[in-house]
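First the structure, in the form of structure tokens, and then the observations on it.
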Amino acid sequence: MMKSAELLPDLRAWFKGYIAEFDRHEPDVQRNFDLKENHSYRVVEEITAIARSERQAPEEVAVAEIAGLFHDVGRFEQYFRYRTFMDPLSADHGELGCRVLRERRPLAGLPPELEERVIAAVAAHNQRDIPAGLDPETLRLTMMLRDADKLDIWKVVLEYYRSASQDPTVKLGLSDAPRVSPKVFRDLLDHRTADKNDFRTVADFQLCQTSWVYDLNYPWSRRAARERGYLRQMAEFMAPLPEVRTIYSRAQAYLYAQ
């Protein structure tokens, strides 16, 4: 059985080959596939930085890199089939990714326990809460993956807000109405991550992204969020609503108190 680091070149090649299997002649398909492919590579960079900051062994860092590479592998089938990245309107992209990993077995060269660890992290990376009962190694990998994913999603959405693009996939097809949904507001007020099924407006989505600071698990992640000024930059694009000011100020205070 090869070590995880030795498998990385083949896994990267498999990942690119899998994406190439889809018909990407339509410009919107190519654009959104590029968006998710590039996001995946940046999540690899984020998660390996987190793993190294935690002084993990080289083998554990390699497993983290593999999880980062494959965490959104379900997004390609999702967009190709449904033309949306909004899970409630299509399918859970974490579950789709797990199906790809189980059916196609790109991770078969890993020891079985590591293959299952990566699949479990992929399944949990986009859930509202981390599932109970994960073993310590899987829990650690899952927490690192969730942190890495959030750090790059902040980057992606900020680039979108600054651009003239009107691509509805980035804002999940949500309404631009200047309104915060009551259920979303109540959840965020309690320092809980809002349920994406309750999102109705871009303001809901933005506020939920702001509240991700409560779900950052590692010092490196929180420091990166502070140094990159993600919350401050997000505030520039949020509607001037009382609910927004309340949630934002609480999230900002929490992040800078860490």
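The values are calculated or read from the model by the stated rules, or taken from the named source; none is laboratory data. Bear in mind the structure is a predicted one, so any value in this text is a computation, not a measurement. Here the Cβ positions follow ideal geometry from the backbone for every residue, glycine too, while neighbour counts run over all protein chains shown.
Some values worked out for this structure:
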{"quantity": "Single unsatisfied condition, LEU134 versus (1) part of a helix (DSSP H, G or I); (2) at pLDDT 95 or above", "calculated": "(1)"}
{"quantity": "Some residue of segment 72-83 being closer than 18 Å to ILE153 by Cβ, part of a loop (DSSP other than H, G, I, E, B) and not assigned by TED's automatic domain parsing to the domain that holds PHE199", "calculated": "yes"}
{"quantity": "Candidate set from segment 201-243 (those that are under 14 Å from LYS150 (Cβ atoms) and polar (S, T, N, Q)); member that is surrounded by the most Cβ atoms within 10 Å (Cβ to Cβ)", "calculated": "SER221"}
{"quantity": "Unmet requirement for GLU65, which otherwise passes all of (1) farther than 28 Å from LEU174 by Cα; (2) surrounded by fewer than 20 Cβ atoms within 10 Å (Cβ to Cβ)", "calculated": "(2)"}
{"quantity": "Condition check for ALA57: touching a residue at least 24 places away in the same chain (Cβ under 8 Å), assigned by TED's automatic domain parsing to the domain that holds ARG146 and closer than 23 Å to ASN217 by Cα", "calculated": "no"}
{"quantity": "Leading residue by the ranking (surrounded by the most Cβ atoms within 10 Å (Cβ to Cβ)) among those in segment 244-258 that are of a type in the set (Gly, Ala, Ser) and closer than 25 Å to THR142 by Cα", "calculated": "ALA251"}
{"quantity": "Residue in segment 102-125 that is farther than 24 Å from ASP28 by Cβ, within 16 Å of the chain's Cα centre (by Cα) and not aliphatic (A, V, I, L, M) present", "calculated": "yes"}
{"quantity": "Of all residues in segment 75-122 being in contact with a His (Cβ under 8 Å, 6 or more places away or on another chain), in contact (Cβ under 8 Å) with a residue 40 or more places away in the chain and closer than 14 Å to VAL43 by Cβ, the one that is surrounded by the fewest Cβ atoms within 10 Å (Cβ to Cβ)", "calculated": "VAL122"}
